[in-house]
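The values are calculated or read from the model by the stated rules, or taken from the named source; none is laboratory data. Owing to the predicted nature of the structure, the values given are computational and were not obtained by experimental measurement. FYI the Cβ positions are ideal-geometry reconstructions off the backbone, even for glycines, and counts take in every protein chain you see.
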Amino acid sequence: MVASRQPFGLIALFGSGETSPTGGQVFEALARRLPSPLRTAVLETPAGFELNSAQVAGRVADFLNVRLQNYRPEVVVVPARKRNTPFSPDDPAITQPLLQADLIFLGPGSPTYAVRQLQNSLAWYRLMARHRRGAALALASAATIAISAFALPVYEIYKVGEDLHWRNGLDFFGPYGLSLVFIPHWNNAEGGAILDTSRCFMGRERFEPLLALLPPQMTIVGIDEVTGLIVDLESALCQVLGAGGVTVIKSGRERRFEPGESFALSELGPFRLPDPALGIPPEVWAEAQAALSEPETAPPEPPAEVLALVEERHQARTQRDWDTADDLRQRIAALGWNVLDTPGGPQLEPLNDKGAGKPL
């Protein structure tokens with residue numbers, strides 16, 4: 001008897017507004033297709049260079065805990081910030097939650113930093129393996145750019161003034177036969193009448209020569225502000241949700257898809273479903289398979305030292321002392337535990353264990 005194939009997970013790409021009411025609708029569209037309780041991992045890597053990266057990721061975790069409460073979310077922040085540090089995306093214990101997650105989120109930060117830290121990392125391979133075993137991915141801002149075949153170096157051009165260029169991206173859709181470049185903030189208008197900040201702050205004047213620098217087979221996918229694009233690999237369809245639309249530029253032809261519209265993945269290129277294990281180290285694929293087949297076990301009891309730190313952190317958060325709360329989260333993680341901030345209060349989950357968080 002041949003085992004049934006696990007479906008590839010959904011993918012949601014945000015132009016912006018992932019924690020807005022519209023963003024909540026996109027997340028809910030994913031959650032409706034996923035099991036409950038909804039095991040969710042917020043991967044901190046794109047903002048890992050920022051001193052407040054834990055706070056940036058924590059805000060998203062707090063949003064998901066509230067917005068998806070009907071799906072009983074169990075949200076874990078994965079502090080895989082920088083290679084060759086105690087918080088490395090190559091650390092097996094830190095990235096373990098990715099193997100159990102049904103929903104994985106990556107968001108704001110720097111696209112080029114995200115590529116440098118995730119390229120060929122354990123975190124990236126575990127993310128891909130889990131997605132090809134059914135987990136949904138939600139990507140916003142820097143992460144949306146980083147998964148492109150070529151990533152737009154926004155800060156380097158817009159803030160630093162480097163010459164127009166592209167960087168190699170993570171090329172997430174390459175194994176699916178698609179050569180894609182994603183541009184969030186497509187219709188950004190922060191510059192007002194004086195400065196064109198569309199095309200992710202590049203403006204039309206800079207974006208046209210940028211297009212000329214790309215290989216001719218590339219397809220550009222521009223996603224408007226407060227807009228999500230849901231990609232369903234199994235049905236080979238894309239759906240636009242939110243306040244704006246999606247612009248696709250392929251072979252010099254531009255097409256526009258409005259909110260509520262769906263279109264075939266073939267609009268983006270010669271789409272195909274690969275062998276699920278393609279490009280993933282065999283040992284990572286094996287552990288991803290095992291993670292889904294292992295029975296649930298009760299997590300160990302947290303020691304008194306950890307409980308005291310969690311209570312101290314809870315008090316710091318109550319007083320909105322975010323810096324102290326972030327430091328305490330790191331101390332708790334160093335002792336082998338992750339804090340889940342839920343509407344019912346903090347819960348603990350062993351970093352190297354698959355059990356549900358224990359209420360305090």
* **residue 177 vs. criteria surrounded by fewer than 21 Cβ atoms within 10 Å (Cβ to Cβ), within 27 Å of residue 276 (Cα to Cα) and not hydroxyl-bearing (Ser, Thr, Tyr)** => yes
* Count - residues of region 95-121 that are surrounded by fewer than 23 Cβ atoms within 10 Å (Cβ to Cβ), part of a helix (DSSP H, G or I) and either among the aromatic types (Phe, Trp, Tyr) or touching a Ser or Thr at 6+ places or on another chain (Cβ under 8 Å) (or both) -> 1
* To do: Pick out the one residue from 227, 219 that is modelled with pLDDT of 95 or more, under 13 Å from residue 13 (Cβ atoms) and among the hydroxyl-bearing types (Ser, Thr, Tyr).
  => 227
* Would you point out the residue of region 122-150, among those that are farther than 18 Å from residue 165 by Cα and of a type in the set (Phe, Trp, Tyr), that is surrounded by the fewest Cβ atoms within 10 Å (Cβ to Cβ)? => 125
* To do: Determine which member of the set 18, 28 is modelled with pLDDT of 95 or more, under 13 Å from residue 242 (Cβ atoms) and assigned to a loop (DSSP other than H, G, I, E, B).
  => 18
* To do: Scan region 132-146 and report the pairs whose first residue is under 26 Å from residue 290 (Cβ atoms) and outside any strand (DSSP E or B) and whose second residue is modelled with pLDDT of 95 or more and charged (D, E, K, R), with Cβ atoms within less than 9 Å and a gap of 6+ or a chain change.
  => 134/102; 135/39; 135/102
* Here are 28, 44, 74: which of them is touching a residue at least 12 places away in the same chain (Cβ under 8 Å) and either within 30 Å of residue 258 (Cβ to Cβ) or outside the structural domain of residue 156 (by TED's automatic domain parsing) (or both)? -> 28
* To do: Please enumerate the residues belonging to region 31-65 that are outside any helix (DSSP H, G or I) and of a type in the set (Asp, Glu).
  => 44, 50
* Members of region 299-311 that are surrounded by 15 or more Cβ atoms within 10 Å (Cβ to Cβ) and not in a loop (DSSP other than H, G, I, E, B) -> 306, 307, 309, 310
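One line per residue, one yes/no per condition, for (1) buried (at least 16 other Cβ atoms within 10 Å of the Cβ); (2) more than 30 Å from residue 39 (Cβ to Cβ):
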residue: 197; (1), (2): yes, yes
residue: 201; (1), (2): yes, yes
residue: 222; (1), (2): yes, yes
residue: 232; (1), (2): yes, no
residue: 249; (1), (2): yes, yes
residue: 278; (1), (2): no, no
* Asked: Between a first residue in region 246-270 that is over 18 Å from residue 214 (Cβ atoms) and at pLDDT 95 or above and a second residue that is assigned to a loop (DSSP other than H, G, I, E, B) and of a type in the set (S, T, N, Q), which pairs have beta carbons less than 9 Å apart while being 6 or more apart in sequence or on different chains?
  -> 265/235
